[in-house]
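Structure first, then comments.
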Amino acid sequence: MYNFDVEMPSTVADAVKAMARDEAQPMSGGQTLIPTLKARLAAPSVLVSLTGIDEMKGVCMDDAGRLCIGGATTHARVAAEAAAHYPALASLAARIGDPAVRNRGTIGGSIANNDPSACYPAGALGSGATITTNKREIAADDYFQGMFETALEEGEIVTEVKFPVPTAAHYEKFLQPASRFPLVAAYVAKFGDGVRVAITGASNNGVFRWGEAEAALGANFAADAVAGLAVDATDMISDLHGTAEYRAHLIGVMTKRAVAAIS
Amino acid sequence: MPKDGGIGASSKRREDVRFLTGNGNYTDDINKRGQAHVFFLRSDVAHGVLKSVDTAAAAAMDGVVQIFTGADFEAIGGMPCGWQVTDKNGEVMQEPKHPVLAHGKVRHVGEPIAAVVADTLAQARDAAEAIVVEIDDLPAVINMKNAVKEGATKVHDDLTSNLCYDWALGAENKDAVDAAFKNAAHVTTLELVNNRLVANPMEPRVALGDYNRSDDQHTLYTTSQNPHVIRLLMGAFVLGIPEHKLRVVAPDVGGGFGTKIFHYQEEAFCTFAAKACNRPVKWTSSRSEAFISDAHGRDHVSKIELALDADNNFTALRTDTYANMGAYLSTFAPSVPTWLHGILMAGNYKTPVIYVNVKAVFTNTVPVDAYRGAGRPEATYQLERLVDKAAHELKVDPIALRRQNFITEFPYATPVAVEYDTGDYVATMDKLEEISDLAGFAARRKASEAKGKLRGFGVNCYIEACGIAPSNLVGQLGARAGLYESATVRVNATGGLVVMTGSHSHGQGHETSFAQVVAEMIGIDENMIEIVHGDTSKVPMGMGTYGSRSIAVGGSAMVRATEKIIAKAKKIASHLLEASESDIELKDGAFSVAGTDKSVAWGDVTLAAYVPHNYPLEDIEPGLEETAFYDPSNFTYPSGAYACEVELDPETGQVTIERFSAADDFGNIINPMIVTGQVHGGLAQGIGQALLENCVYDDEGQLLSASYMDYAMPRASDLPMYDVDHSCQTPCTHNPLGVKGCGEAGAIGSPPSVVNAVLDAMRSGGHDIGHIDMPVSPSRVWAAMQKS
Ligand SMILES: Cc1cc2nc3c(=O)[nH]c(=O)nc-3n(C[C@H](O)[C@H](O)[C@H](O)COP(=O)(O)OP(=O)(O)OC[C@H]3O[C@@H](n4cnc5c(N)ncnc54)[C@H](O)[C@@H]3O)c2cc1C
């Protein structure tokens, strides 16, 4: 680690102010950022900690019936407090990493980072969530822009994520044996007006919606409906743990199983 | 009735109290006044000419004490290799120089180029970043078969090629082997890879060098399995420090698995720098450094063939193995694929003629050396996969084929240079069939199939050679060390005693099991016995712990020393009891005169030894302290039969281990609970190799599995509850305790049955693929099933 200053704001406004300092970077749970700092792969001069900002923490339902999660809310808290409102999302949170990771890591950190194998991006995109920052609201469809790429601008902070609650949903993940991140995972959400399917872990372009499956499931919400669909392996990740073809194959299996778990 | 103490009791591990309450004393817990820290700048390229290392800017940075490069070590010896293999033509192996810090060339990612000593670790690391290194990249030599081709880039320019040696065992049988293959009714051939592994002990390596100007004494605190070996190798061959001026301490060590046997550059560096800087110098490996600097394990590519006659008797075996040495020869690397591997190729079978050929190859990778089992897992895996494949080709039951070919008479001289003293392979197989509930498998398979899963059952046998080893024999085979063990038993005046053993415990529980043996012999409470190890200034010259040798060799030394103690104590007792020495009996901690009620307690005798008022001073010296060195006359040969039962998800290729059963014959057992624990740990590592672990380099020599994000360690959730049995006991005939050693069996015996089970499951789903390499990852299983 290189030396850095730490700011501990207690409001979003102060955090935004602190972010104006030269080479400032926000830090939430530190579960991604601290290993990066330890490996000396990042050298911010100021770390702006978001974990002391109460207005960025918590889980509640808004008037529009959306589940609203503060950007600095830990996975463990979402697992516990969202269960009654949106069980599929709570279950996603409950299966991230291990207890230590869940007690530190936050939803804001996860979707700001947009790791191509992370869980929350699938939950947010699959639910059609809205990402609220200190500046604006961004639809999930516009927010996730590729591997580690988001619509966030320099210094912009994710303050809240609002999830429309589907009539039913399920997150099915296949673990990468070493990291236990998803090798491939599918988030399937069934709404009154259609089905959304988001896939993580598989693509070189990060989380994405699987349009063919959405259409097929929209017409017939049954595991069989996706059985015949093939995914093109061209843009899929190929590494030690699975070839592009294998990942493409798992997309179908995970989606089918998610649907089966719902119906 | 289970005993509550002594030999055969499941005494609780006394050392666990300190380990589990955070009171262990590990090397990193030791800090010396004024200590400086070293950071090693390591090569990030696999192969290249080291043009220049400019340390000027770095040396001027805050806190920097001194910066060392390869040039500072030119006048100093390199890292020695402890075993010289002679090849099949009678030539000695090619042995490259192994510098403490890279000189002239870098030869693997992770090789230390410079060492920065500074007040703090952060300062050392900052300064290391300011060192300017110029390297002209060379093509990396990674693939072993390419490495030995004509004209291949050489890892070491001063060697004739990348071939370290081309070794053979059973050369005298080669013609007979070839003839048997010509006349065979059936030949089974198998090509396989034994995947490279990273040992990953929980505690990373640490070295702390200290130098005392007043008496010119060097001390090295280090995470070692064998401090005396380090003292000898480092003192004599690297730094030129006489042994009486060098103390090596290996305190609590958090796991070794072989990778802490070897003498490493960081140890030599810290010892050297402590004197050069006149300050204690400490290095603690990070986990990332461990991946690129701890010796790796396994990494064999083999072709193996079995000839059978028309009645399915094995008539000959032939193997051809490429063994990766990495860039340099780690301390015992040459012995692993040869004398710890070739001599096991007979396995549990009476194959009359065997020919083993092993080519050891230099590559631009981290050196490879012994890892739990060392050579024996590689032998077992080849043989037990091959026998299984033969059974399926011949459409006979794999267990029946094994039983038919078992060695049943002991002692048995194999065609590969060793003589098994005892064993009962039929008994362990019978026991295995019972504990694995083979009879219930068909029903369990049905139940799995009803859930859309495939289920497979795989077995294997194993034999291993441990209790390493007779010194005169290993000397002939190229060892540059003796492999005896030592113990001193120091009895105190009030009857308590200390055993100073040359064995080293890094998780095995010696403090408990060794005490049990002495307690049994004397008839005193285990708590009166302290076991001391790991400090060359306290214990007699010992060879340390590896090769499942501690109880078989170290325990035997301790028995011999205790026998001497008892013999002397009897003399003292006979004096005190005014009886003839031959009438004195020792039982339950008291000496009595046979056939009388006259007796004297152990504590009275020990007191007399140190307060010799009424004592036969004219016949014996006062005091009660004895040392013994024990050199075994043979290896010991634990054996057993293992069964694995897997469930396979045909849609994803995911394999889960549903049952694992191990029936072992370890001879006599000192502490059944500790033995069970050793088997459990070994099985976890064997299953880890079979299902999960894989150390992979790309063509440029970059390590792809360089952290836990990509290197999959087995976790509790990957493993079933094991069924472990060690009631089959054929005691070793040549050591006083009749023990065989149990530390490596689990890791040696488990991989083949896992793979055999996976293949069985795949066959049951109509996919007869013949072989699949480890680790049997979901991706590989799925891909194999697509093709068949
Ligand atoms: C062992 C381990 C296992 C894991 N397993 C999983 C898993 O299975 N699935 C999974 O999805 N994840 C997994 N993770 C990642 C984990 O979920 C992290 O918590 C998450 O990726 C980052 O969240 P954080 O709060 O720790 O962010 P930090 O590490 O603090 O920050 C991550 C990045 O986001 C930025 N940032 C943080 N908060 C904000 C914000 N509010 N607004 C804008 N930018 C912000 C930071 O500047 C940084 O660049 C694992 C992590 C570990 C260490």
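General remarks:
- Positive-end residue of B:407, B:207, B:432, charge dipole of the protein assembly as shown with Cβ unit charges: B:432
- Among B:39, A:221, a tally of other beta-carbon atoms within 10 Å of each Cβ gives an order, fewest to most, of A:221, B:39.
- Per-residue Cβ neighbour rank within 10 angstrom, fewest leading, B:644, B:270, A:60: A:60, B:270, B:644
- Reachable lysines from residue A:17, criterion Cα separation under 25 angstrom, eight or more residues apart if same chain: A:57, A:135, A:162
- Under 5 Å from the amide H of residue B:468 lie the amide H atoms of B:549, each residue being 5 or more positions distant or on a separate chain, with H modelled from the backbone and absent for Pro and chain starts.
- Whole-angstrom gap from region B:355-383 to region B:697-772, using each part's C-alpha centre: 16 Å
- Most positive-pole-ward Cα, B:615, B:547, B:657, against dipole of region B:544-660 from beta carbon charges: B:615
- Distance cut-off 49 Å, percentage of C-alpha pairs in chain B lying past it: 20 percent
- Descending by average beta-carbon neighbour count within 10 Å, the peptides A:13-20, B:407-414, A:116-123, B:458-465 line up as B:458-465, A:116-123, A:13-20, B:407-414, the highest first.
- For the pair region B:245-312 and region B:572-624, the centres of their Cα atoms are 48 angstrom apart.
- Chain B, relative contact order in percent, only Cα pairs under 8 angstrom and at least six apart counted: 16 percent
- Dipole magnitude of region A:168-262 about its Cα centre (Cβ charges: Lys, Arg +1; Asp, Glu -1), debye to nearest 20: 320 debye
- Helix-only CD estimate at 222 nm, as mean residue ellipticity for the protein assembly as shown, using -39500 (n - 2.57) per DSSP H run (n ≥ 4): -8000 deg cm²/dmol
- Placing unit charges on each Cβ (+1 for Lys and Arg, -1 for Asp and Glu) gives the protein assembly as shown a dipole about its Cα centre, and among B:181, A:165, A:27 the Cα reaching farthest toward its positive end belongs to A:165.
- Unit charges on C-beta of K, R, D, E only; dipole of the protein assembly as shown, Debye: 600 debye
- Per-residue Cβ neighbour rank within 10 angstrom, fewest leading, B:97, B:350, B:740: B:97, B:350, B:740
- Relative contact order of region A:5-49, pairs being alpha-carbon contacts under 8 Å that are 6 or more residues apart, as %: 56 percent
- Amide hydrogen proximity for residue B:767: with H placed 1.01 Å from N in the peptide plane, no residue at 5 or more positions away or on another chain lies under 5 Å.
- Translational diffusion of the protein assembly as shown, µm² s⁻¹ [Kirkwood Rh, Cα pairs; Stokes-Einstein; 4 °C; 1.567 mPa s]: 41 µm²/s
- Members of B:12/B:282; B:105/B:303; A:256/B:451; A:38/B:105; B:431/B:740; B:149/B:389 lying beyond 23 Å, as alpha-carbon distances in this model show: B:12/B:282; B:105/B:303; A:38/B:105; B:149/B:389
- Charged side chains reduced to their Cβ positions (Lys and Arg at +1, Asp and Glu at -1) give chain B a dipole of some 540 debye around its Cα centre.
- Sum of side-chain charges, residue A:19 neighbourhood, beta-carbon under 12 Å (Lys, Arg +1; Asp, Glu -1): -4
- Each Cα pair under 8 Å and six or more residues apart adds its separation to the average, and for chain A the resulting relative contact order is 15 percent.
- Out-of-range pairs (alpha-carbon distance over 25 Å; input B:538/B:570; B:538/B:587; B:174/B:359): B:538/B:570; B:538/B:587
- Residue A:203 long-range amide H proximity, modeled H, under 5 Å: A:237
- Gain on full stretching of the segment that runs from residue B:397 to residue B:3 - 0.36 nm per residue minus C-alpha separation: 137.8 nm
- Percent breakdown of C-alpha pair distances by 10 Å bin, ordered from the shortest bin, for region B:499-642: 11, 36, 30, 18, 5, 1, 0
Every read-out reported here was derived from the displayed coordinates using simple, explicitly stated rules and does not represent laboratory data. Keep in mind that what you see is a predicted model, and the values were worked out from it rather than measured. FYI the Cβ positions are ideal-geometry reconstructions off the backbone, even for glycines, and counts take in every protein chain you see.
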